[in-house]
Each structure stands twice: as C-alpha cells, then as structure tokens.
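For reference, the structure discussed in these notes is given below.
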C-alpha cells in the first residue's frame, strides 16, 4: 500500500478534478503490475496496473485503449491481491467501473486504503467485489490516503474545496511594509517551495487589493507541471484593470458583487469569466464562492492575498489550513499584519492551531497548521 501511495502521488499535479489513486497487483510476494491515475478521462489506476499484467510485465502501456477486455490477458492477474489507495469505482463515468475490471481479471483479494467519499460510489464498489466472492479489506494507511486526496474528500463531503491560506511573513508577523511593499520577504528557496503548493492546487485565490498592489501573474513557476491552476480574483466592485498581469494567460474567474455587462464582456474577450455573488453587505459572498468552485470540480484552493481578504476568509471559517513562510527579519509595528479580524479581549477567544509540519527551508521557516 505504501508503494501504491507513492504511485498515486505521481498524479499530484494532474488528476483534478479526479482523486489521486495508485494500484499495485501482487501474487505470491511478487508485484505483477502497478499503475496510477494520471488525468481525468484517462484510465484509472486499477486499469493501468491490470494492463501491465496483461502485457507481461510492468513496462509502460501505450495510452488510448480503454477496453476492460484487454486487461489481465491470459488470466495472469487471477488469484492476485490488488492494493488500491481508494475504493474501486462502481459506476460509469468517463470510464467503465474498475470494480468490474477487477472481477473480470479474477483477482482474489482487494485491499483499499479508504472508502470513496463520492456518493456515486461510497462503499458500493467494495460491496460489488464482496458479492463477486472477492475478499475485501479497507483502512490500511487510511490517514495517508486521506491526506493525498484531502481536497477531493472536502468537495465530496462539504461541497467545497479544501482551502489553504499561504502567508509570507517576518518574524514579528508582518506581511508587507506600510506602503504595501512585500517583494521579497522570504528567500528564493522558500518561494520555490511555495510554488509546489501552487502546482498541486486546482485554483489560486487572491483579492483585488493584491492585484492592484503587486500586479501578480499568479502562475506556477520553477515546478514541472503540465497545467496552470485556475486564477480566482475577489473583486466586489469589478475594478480590475483589463491590463492586469493576472489576465494575460486567461483561465481566470473574477467574483464580484455588482452587475456590469459591458465590463464582463470586455474581460471575457481576455479569457476571464465574471460571476456575480453578492452578500447582504454588498461584498462577495465568500462561502457561496467556495461552493461555486466546488461545483466546478475544484478540489484544492490556495489563497495568496492581503490582510483584508485573509481576515474575511478566517472570520467566515473557510480556511482549512495555513501555510506560513517566516523569514528571520523584523518589519516593525507600522507594517501590515497577516489578517484583519476582530480584536480579542480574552485569550480564550484566540483561534487555536495544531502544527502539522515545521521545518527550515534554507534561511526561512515553513509552518503548516490546521485549526484545532
């Protein structure tokens, strides 16, 4: 199963909106075939592994063919155990059910790390395997499997993506000078590390204030990835300039709170889409935006914004995880903080966090934390 998880991680940047899944087929202590799901619409991990068994080894299988009749040729997978990081699917989506393929191939046992949270599956794949006389076990390395697909699980169970808030700050908790200057607080290695988190995200979220102050492109750099995440801008009054760098490559969603058909049409010509999601205060309804992103198949979002949007996301309880890059420098009281939210009068009201990861990235610290 550990090997299956390693394989699944190879799809870290490519499988969206699908989950990252790996599969290893074993018989008598020998690996017969292995595979992982590479991208939506392509063969699932179980099918790739079965084809490699049928091909007589673990060599790469040519892409394209999707018929289950071609897998496990000659019955070579018969009697094998399949280790899969996620319950085999039991429904017809873009591809046929993997549970059927495992049954046809004659495997005798299936070990799944976790049940699929997708309501279209949700235990039905495991039940189909049991009904076919296959021994089934579920729960091996479940925590690791959940972490790998935490965004997919969030979308399936909550209807919204997993939201990470990334912040680069000084040792005294400041993210920019009073005049807005923030490039660069952390060093190049820390920035490269952050691009790894960008690459695995389905969408990158920022606010109009950051667009005005920094004019970011919000693209993945320094990481070998075949796709760029969707860029999402929270812009209540639809103030974004058509010349903003974030619009240069298209693939941008702008969430606003006002109707402006002429401006929306002009932005559409640049490859951007405008959605109007007002709340009662005339701002963007951030919870509704998260639901809209979930509806679009977005699993993981990383927010890189200023203190106002950061504060709003925190106040509304939409942040699931903090990614903090802390540089060994001091910016002073006049500099800008990481988030604008209500002043506290009691320590008991503080937002408590659990440190998940803490390490050095060259001269900077990296802290990953979740709310307790």
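Couple of notes before you dig in:
- Residue 272 being over 26 Å from residue 368 (Cα atoms), in contact with a helix residue (DSSP H, G or I) (Cβ under 7 Å, 6 or more places away or on another chain) and crowded, with 22+ Cβ neighbours inside 10 Å: no
- Qualifying residue in the range 272-295 (condition: out of contact with any strand residue (DSSP E or B) (no Cβ under 7 Å at 6 or more places or on another chain), over 28 Å from residue 155 (Cβ atoms) and part of a strand (DSSP E or B)): no
- Restricting the range 210-224 to residues that are touching a helix residue (DSSP H, G or I) at 6+ places or on another chain (Cβ under 9 Å) and surrounded by fewer than 16 Cβ atoms within 10 Å (Cβ to Cβ), the residue that is modelled with the lowest pLDDT: 222
- Residue among 51, 69, 3, 10 that is modelled with pLDDT under 95, within 29 Å of the chain's Cα centre (by Cα) and in a helix (DSSP H, G or I): 51
- Residue tally, condition buried (at least 18 other Cβ atoms within 10 Å of the Cβ), assigned to a loop (DSSP other than H, G, I, E, B) and within 20 Å of the chain's Cα centre (by Cα), over the range 226-242: 1
Results for (1) in contact with a strand residue (DSSP E or B) (Cβ under 6 Å, 6 or more places away or on another chain); (2) over 27 Å from residue 11 (Cβ atoms), shown as yes or no for each residue.
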residue	(1), (2)
213	no, yes
217	no, no
220	no, no
226	no, no
230	yes, no
234	yes, yes
238	yes, yes
241	no, yes
248	no, yes
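- For residue 301, the requirement of being assigned by TED's automatic domain parsing to the domain that holds residue 156, in a strand (DSSP E or B) and either free of Cβ contacts under 8 Å to residues at least 24 places away in the same chain or within 20 Å of residue 197 (Cβ to Cβ) (or both) is met.
- Scanning the range 120-169 for residues that are outside any helix (DSSP H, G or I) and surrounded by 20 or more Cβ atoms within 10 Å (Cβ to Cβ) gives 121, 149, 160, 161, 162, 163, 164, 165, 166, 167, 168, 169.
- Conditions (1) closer than 30 Å to residue 296 by Cα; (2) part of a helix (DSSP H, G or I); number of the one not met by residue 115: (2)
- Subset of the range 309-332 that is surrounded by fewer than 16 Cβ atoms within 10 Å (Cβ to Cβ) and in contact (Cβ under 8 Å) with a residue 24 or more places away in the chain - its residue that is nearest to residue 178 (Cα to Cα): 332
- A single member of 252, 256 is surrounded by 15 or more Cβ atoms within 10 Å (Cβ to Cβ), closer than 25 Å to residue 338 by Cα and in contact with a helix residue (DSSP H, G or I) (Cβ under 7 Å, 6 or more places away or on another chain), and it is 252.
- Count of residues meeting criterion [out of contact with any helix residue (DSSP H, G or I) (no Cβ under 9 Å at 6 or more places or on another chain) and touching a residue at least 60 places away in the same chain (Cβ under 8 Å)] in the range 225-245: 1
The values are calculated or read from the model by the stated rules, or taken from the named source; none is laboratory data. From a predicted model like this one, the values you see are computed outputs, not experimental measurements. Don't worry about glycine lacking a Cβ; one is built from the backbone with ideal geometry, like all the others, and counts go over all protein chains shown.
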